[in-house]
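The values are calculated or read from the model by the stated rules, or taken from the named source; none is laboratory data. These numbers come from a predicted model, not from an experiment. Heads up, the Cβs are rebuilt from the backbone with ideal geometry, glycines too, and the neighbour counts pull from every protein chain shown. In case anyone asks, the SASA skips ligands and DNA or RNA and just uses the protein heavy atoms, side chains included. Shrake-Rupley method; radii C 1.70, N 1.55, O 1.52, S 1.80 Å.
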Amino acid sequence: MNLYTCQIDLKDDAKALAFARAVDDWMRFLQGNGVIGQWRLLRRKLNLAADAYRDFLLEIEVADLAQLDSAFRLSGQQDDDVATLYRAVNTLIARADFALYRPFPDPERSERMALL
């Protein structure tokens with residue numbers, strides 16, 4: 001399992017609940033097509049965070065890089081339904097920072113460490 005994370009700030013005129021609904025629709029679509037696993041949307045509490053952190057955190061689980069690639073391919077399709085769902089999320093975002101994490105130590109590294 002890999003974890004794709006997105007830290008997100010909304011545009012000043014964007015409504016948080018509308019954003020949450022749009023994310024839910026988009027993630028359910030991706031999940032229904034088998035290109036992502038579990039996901040969750042979190043919001044900063046009590047404005048407690050350093051300046052480097054955004055207001056929202058979206059965490060998306062993918063089995064491997066092949067599944068992540070499938071998610072990107074599906075997102076880039078020239079399809080009206082895909083474009084509508086994607087645009088409903090994307091038009092509300094002012095800034096987003098992304099990262100990809102993996103479990104550590106991973107099985108390969110654990111195996112090498114066991115041989116030392």
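Here R87 meets the list (1) open to solvent by less than 50 Å² (accessible area, probe 1.4 Å); (2) over 12 Å from the mean Cα position of the chain (by Cα) almost entirely, failing just condition (1).
Entry remark, region 67-100: residues being modelled with pLDDT under 95 and over 18 Å from A22 (Cα atoms) number 2 in total.
Note on region 50-71: among residues that are in contact (Cβ under 8 Å) with a residue 40 or more places away in the chain and assigned to a loop (DSSP other than H, G, I, E, B), the one that is surrounded by the most Cβ atoms within 10 Å (Cβ to Cβ) is R54.
Quick grid of which residues meet (1) hydroxyl-bearing (S, T, Y); (2) over 19 Å from Y86 (Cβ atoms); (3) at pLDDT below 95; (4) under 10 Å from the mean Cα position of the chain (by Cα):
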site	(1), (2), (3), (4)
M1	no, yes, yes, no
C6	no, no, no, yes
A14	no, no, no, no
A22	no, no, no, no
G32	no, no, no, no
V35	no, no, no, no
N47	no, yes, yes, no
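Of all residues in region 24-40, those that are over 15 Å from A63 (Cα atoms) and charged (D, E, K, R) have Cβ atoms under 8 Å from Cβ atoms of residues that are in a helix (DSSP H, G or I) and open to solvent by 20 Å² or more (accessible area, probe 1.4 Å), 6 or more apart or on another chain, in D25/L85; D25/A88.
Residues in region 16-37 include none that are open to solvent by 70 Å² or more (accessible area, probe 1.4 Å) and either in a strand (DSSP E or B) or touching a His at 6+ places or on another chain (Cβ under 6 Å) (or both). Against the condition under 16 Å from C6 (Cα atoms), open to solvent by 40 Å² or more (accessible area, probe 1.4 Å), of a type outside the set (G, A, S) and touching a Leu at 6+ places or on another chain (Cβ under 7 Å), how does L42 come out, does it pass? It is true that L42 is under 16 Å from C6 (Cα atoms), open to solvent by 40 Å² or more (accessible area, probe 1.4 Å), of a type outside the set (G, A, S) and touching a Leu at 6+ places or on another chain (Cβ under 7 Å).
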